[in-house]
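Trainee: I'd like to ask you about the structure that follows.
FYI, it's all coordinate maths here, none of it is from the lab. What you are looking at is a predicted structure, and each value in this text was computed from that prediction instead of being measured. Here the Cβ positions follow ideal geometry from the backbone for every residue, glycine too, while neighbour counts run over all protein chains shown.
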Amino acid sequence: MHRLDAEKAIRLLTVGNLRNAKLRVKRVQDYVLIPLNIDVNIDDLGKALEGVQWAICEDNFEEVSTGRTYKDILRGRIPEHVLSRLPSSFDVIGDIAVINLKEGANDVLKYGVVIADALMGVARNVKSVYVSVGGLQGEFRLRALHYLGGERRTKCVHKEYGIKLRVDIAKAYFNPSLAEEHRRVAELVKDGELVADLFAGVGPFTLHIVTKRRAKVFAVDINPDAIKCLLESLKLNRSRLIGEVVAIAGDASSFISVVRRGAFNRVIMNLPRKALDFLPYVKEAVAVGGVIHVYVIGESLEEVLSKVRGELDPGMHIVGATRVLDYSPRKYIFRVDVRRAA
């Protein structure tokens with residue numbers, strides 16, 4: 001549900017003994033996910049939340065700790081200069097946690113087992129802990145990972161709104177913070193559309209679309225390991241699929257160059273640092289009335305809109321723009337929606 005309704009909903013669900021208080025409420029951009037007791041009756045839920053817009057989904061939730069963070073547990077167990085380098089938050093992908101550092105991990109690695117045990121003590125669903133150094137690297141946008149503790153594996157199944165995503169954090173890009181964006185774009189797709197999901201990664205946009213709409217999606221990514229993950233995810237979600245997927249391991253510009261003019265009703269371009277470079281290849285592939293969702297990094301909406309307008313042909317118009325995610329201090333990722341009118 002929307003964050004503006006969350007406080008009221010949490011109160012109503014708690015009073016009605018419908019909320020699972022052992023699991024932590026989860027914020028996903030402008031929406032809030034509230035864990036429920038496993039035996040909740042839908043009729044009781046509807047009565048309790050009368051007047052509040054809500055939907056049921058399946059997701060991963062962290063267990064509520066006793067008020068202590070993993071850094072609280074570590075205080076006094078590792079040197080203060082090491083503790084100060086650790087961020088308070090961390091990514092959880094399936095049952096794997098990733099601590100993100102800007103640089104050097106040697107001092108952290110010395111205390112890897114202790115740090116991993118502390119983190120798994122407050123996030124009971126986590127089974128493996130890694131540290132990532134220096135952000136995403138290379139053409140495949142991979143993390144530079146170092147094992148800290150728990151199970152030594154990088155593959156897992158991550159859930160978004162009940163959709164199962166096979167992810168290998170060592171071999172393919174995936175951002176767990178984009179769950180709501182994946183769902184939101186899928187909601188825009190209509191039955192019968194032909195969609196190109198360029199830079200698809202492990203295919204979260206694609207999977208959200210084909211489990212929700214009778215559409216055909218060409219999922220393209222240059223990383224063959226990402227496409228392998230997508231193919232495994234299609235098997236995991238077989239019973240939910242209503243659309244069709246064509247998975248292609250290859251370069252997006254090469255793919256677009258061989259499709260017919262006006263082939264697609266919708267193109268998704270989630271490669272914020274380089275999407276504008278690919279826009280000249282993509283413009284001709286969109287049908288009249290079709291939409292391109294292009295993701296761009298900028299300090300402000302005005303800056304991003306100016307960048308996109310500079311790449312558009314006559315007959316193409318910006319019809320929407322949304323700030324999606326924080327990228328770095330004073331920089332954000334925006335989605336700009338461009339429609340071909342002629």
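Trainee: Quick one: putting +1 on the C-beta of Lys and Arg, -1 on the C-beta of Asp and Glu, what dipole do you get for the chain around its Cα centre, in Debye to the nearest 20?
Mentor: On the way: 52 positive and 42 negative charges, 56 e Å.
Once rounded to the nearest 20, the dipole reads 280 debye.
Trainee: While we're here: Gaussian network model of the chain, Cα springs within a sub-10 Å range: biggest mean-square fluctuation belongs to which of E180, E151, E302?
Mentor: In the Gaussian network model the winner is E302.
Trainee: For the chain, what is the convex hull volume of the alpha-carbon atoms per residue, in Å³?
Mentor: On the way: hull volume 50.0 nm³, N = 342.
Cα convex hull per residue, to the nearest whole number: 146 Å³.
Trainee: Over segment 142-268, what lengths in whole Å, largest first, do the semi-axes of the equivalent ellipsoid take, defined as the square roots of 5 times the eigenvalues of the alpha-carbon gyration tensor?
Mentor: On the way: eigenvalues 128, 60, 27 Å².
So the equivalent ellipsoid measures 25, 17, 12 Å along its semi-axes.
Trainee: Which aspartates and glutamates have a Cα lying under 14 Å from the Cα of K71, excluding residues fewer than 8 positions away in the same chain?
Mentor: Leaving aside aspartates and glutamates fewer than 8 places away in the same chain, those within reach of K71 are E80, D117.
Trainee: Can you tally the lysine pairs in segment 147-253 where the Cα-Cα distance is under 21 Å and the two residues are eight or more apart, or on different chains?
Mentor: Step by step, the pairs that qualify in segment 147-253 add up to 19.
Trainee: Now a separate question. Which ordering of R183, R153 is given by a fewest-first count of other beta-carbon atoms within 10 Å? If you can, show how the numbers build up before the last one.
Mentor: Values: R183 21, R153 14.
Going from least to most buried by this count: R153, R183.
Trainee: OK, next. Find the all-direction average of the projected area of the Cα convex hull for segment 173-340, expressing the result in square nanometres with one decimal place. Kindly include the intermediate steps, with their values, before the conclusion.
Mentor: On the way: hull surface 35.5 nm².
So the Cα hull casts an average projection of 8.9 nm².
Trainee: Ok, one more. According to a simple spin-label model (label point 7 Å from Cα along Cα-to-Cβ), what is the distance in nm between Q53 and A21?
Mentor: 3.0 nm
Trainee: Could you work out Rg/(2.2 N^0.38 Å) for segment 70-153, with Rg from alpha carbons only? Each step should come with its number before you reach the end.
Mentor: Values: Rg = 12.1 Å, N = 84, 2.2 N^0.38 = 11.8 Å.
Output field value: 1.02.
Trainee: In Å, what Kirkwood hydrodynamic radius results for segment 3-48 from the alpha-carbon pair distances?
Mentor: On the way: mean 1/r = 0.0919 Å⁻¹.
The Cα-based Kirkwood calculation yields 10.9 Å.
Trainee: Restricting to Cα atoms and excluding each atom paired with itself, what does the Kirkwood estimate give for segment 1-149 in Å? List each step's numbers first, then the result.
Mentor: Values: mean 1/r = 0.0576 Å⁻¹.
After inverting the mean inverse Cα-Cα distance, the result is 17.4 Å.
Trainee: Suppose R0 equals 30 Å; then what is the FRET efficiency for S300 and N100 from their Cβ-Cβ distance, rounded to the nearest 0.05?
Mentor: Working: r = 25 Å, r/R0 = 0.83.
Efficiency, rounded to the nearest 0.05: 0.75.
Trainee: Can you give the FRET efficiency for D251 and S89, using 1/(1 + (r/R0)^6), R0 = 51 Å, r = Cβ-Cβ distance, to the nearest 0.05? Don't skip to the end; give the middle numbers.
Mentor: Values: r = 35 Å, r/R0 = 0.68.
Given R0 = 51 Å and the Cβ-Cβ separation, E is 0.90.
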